[in-house]
């Protein structure tokens, strides 16, 4: 393990946006210079000067006054932000590839400088710098580990090992991998995404085909290394996991069994076991219900004072009771059952740990100005937002991370990926998420009087961590007085819960029937 020297940057509050002004200095081990970095706090979010950050970390800096853009530059990357805009563009200078990020809030213009939310911005710095960068909200410290050589790589190559019943692919890595995902398609391609990693591209481009690997297609983006592997047809299924003895990623490839090599009895037994495993794998037996917000995070507040967290919990509990009473054998998992604060990333972890097969995150909507005429339900899928309204709603829901403490490491695996990359990683579930969203939309129309505002897409943090089909359901607008009254009532909550339940019930039947037909069960 490499020992790291830690750079600690403690920030100041600017009186232009805060009630108190403070000064602090950059404390870097082994260096005498201590440049100042200006910050301010607004709505519990700590913003920092991009100009001062660039100076403190010796980054290239360019400010375009007319367009209000700032560009930071390292030897490998350019990072560009624009005033009054939540998007940040990271460009790999070598490959020319770009990644677009969405901050939870807009970048703020102040003089000839831009101020960015430091927790989120630290994750971008972690991508573009050959160092580990985190921001501690409680200690107001930006921590930067000792810089690695700029030419460093994480993923160094691919090795193939034959086993009795298949093969092992070993993706070699010099450093611990932050996060990765992979899936196998029936057409023989295996897709691997290693988040926040840099790869020796020549090692993969020069890889010579060896059974069962026919072809390897590597792709390096600013935020991840992606590897597409074409496999022989004798590969039946795959498993992916970390090697406990190293930093490597292991992909187990299971071969199809040659019937001539086994007895008829063995064949029948193996087939029955395989069929049973497939039934269990695809059975919709765990539904995860996520009541948005909670505890110190009330969510949006209605015209009459109704709190989003109370409405979402009430609907969630009613939905859970309906599933328990009417779908025997289906387990209901709540991300929260009381008025408690649950971090966004923890909600996805709860779903994954429970083996969830469907994730439903329930929320209530609002406009900036209240009261307002907007009303109706909206269903969201995890993809980059296409409209300003969708992006605004995602920003509001994502901004709850300001309530979380000690989260400097918590969102590395979320914000290290731009939502284009995230949606690609989730594409294996997209078909089923869309299917459920369509059923839910129809059941809401059939069983409630709530206006249908359609199925949309945006980058919600809470959906990123759930490795399963998932939707975020905005059940109505608390900023509309009439709709608030309906959402706050037991009758309205029961109607919505019943509509969601009917959608789950229909989706379950279609989902399992589809896989039984495909597998010949």
| said: For the list (1) assigned to a loop (DSSP other than H, G, I, E, B); (2) free of Cβ contacts under 8 Å to residues at least 12 places away in the same chain, I need the number of the one condition that residue 71 fails. | reply: (1)
| Tally, over segment 318-348, of residues that are outside any strand (DSSP E or B) and buried (at least 18 other Cβ atoms within 10 Å of the Cβ) | 14
| message | Residues to consider are 5, 21; find the one that is within 20 Å of residue 145 (Cβ to Cβ), modelled with pLDDT under 85 and loosely packed, with under 14 Cβ neighbours inside 10 Å. | response | 5
| Which one of 351, 364, 372, 314 is assigned by TED's automatic domain parsing to the domain that holds residue 469, touching a residue at least 24 places away in the same chain (Cβ under 8 Å) and surrounded by fewer than 17 Cβ atoms within 10 Å (Cβ to Cβ)? | 372
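Yes/no per residue for (1) assigned to a loop (DSSP other than H, G, I, E, B); (2) under 19 Å from residue 254 (Cα atoms):
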{"residue": "167", "(1), (2)": "no, yes"}
{"residue": "172", "(1), (2)": "no, no"}
{"residue": "181", "(1), (2)": "no, yes"}
{"residue": "186", "(1), (2)": "yes, yes"}
{"residue": "193", "(1), (2)": "no, no"}
{"residue": "216", "(1), (2)": "no, yes"}
{"residue": "238", "(1), (2)": "no, yes"}
| field | Selection from segment 57-68 of residues that are in contact (Cβ under 8 Å) with a residue 40 or more places away in the chain and not in a loop (DSSP other than H, G, I, E, B) | value | 63
| remark: In segment 470-507, residues that are modelled with pLDDT under 90 and farther than 17 Å from residue 291 by Cα total 0
| field | Hey, residue 165 more than 27 Å from residue 203 (Cβ to Cβ) and not assigned by TED's automatic domain parsing to the domain that holds residue 44 or not | value | yes
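Matching residues to (1) part of a strand (DSSP E or B); (2) at pLDDT below 55; (3) within 30 Å of residue 160 (Cβ to Cβ); (4) touching a helix residue (DSSP H, G or I) at 6+ places or on another chain (Cβ under 7 Å):
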{"residue": "253", "(1), (2), (3), (4)": "yes, no, yes, no"}
{"residue": "257", "(1), (2), (3), (4)": "no, no, yes, yes"}
{"residue": "265", "(1), (2), (3), (4)": "no, yes, no, no"}
{"residue": "277", "(1), (2), (3), (4)": "no, yes, yes, no"}
{"residue": "284", "(1), (2), (3), (4)": "no, no, no, yes"}
{"residue": "290", "(1), (2), (3), (4)": "yes, no, no, yes"}
{"residue": "305", "(1), (2), (3), (4)": "no, no, no, no"}
{"residue": "309", "(1), (2), (3), (4)": "no, no, no, no"}
| Selection from segment 151-165 of residues that are assigned to a loop (DSSP other than H, G, I, E, B) and within 16 Å of residue 130 (Cβ to Cβ) | 151, 152, 153, 154
| task | Kindly check whether there is at least one residue in segment 137-153 that is surrounded by fewer than 17 Cβ atoms within 10 Å (Cβ to Cβ), within 26 Å of the chain's Cα centre (by Cα) and in contact (Cβ under 8 Å) with a residue 60 or more places away in the chain. | result | yes
| Any residue at all in segment 124-144 that is in contact with a helix residue (DSSP H, G or I) (Cβ under 8 Å, 6 or more places away or on another chain), in a strand (DSSP E or B) and within 16 Å of residue 248 (Cα to Cα)? | no
| said: So for segment 75-82 (the condition being in contact (Cβ under 8 Å) with a residue 60 or more places away in the chain, part of a loop (DSSP other than H, G, I, E, B) and within 19 Å of residue 131 (Cα to Cα)), does at least one residue qualify? | reply: yes
| Test for residue 206: is it farther than 28 Å from residue 126 by Cα, touching a residue at least 40 places away in the same chain (Cβ under 8 Å), surrounded by fewer than 16 Cβ atoms within 10 Å (Cβ to Cβ) and not assigned by TED's automatic domain parsing to the domain that holds residue 77 | no
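The values are calculated or read from the model by the stated rules, or taken from the named source; none is laboratory data. Predicted model, so just to flag it, every value in this text is computed and none were measured. We place every Cβ from the backbone using ideal geometry, glycine too, and count neighbours over all the protein chains shown.
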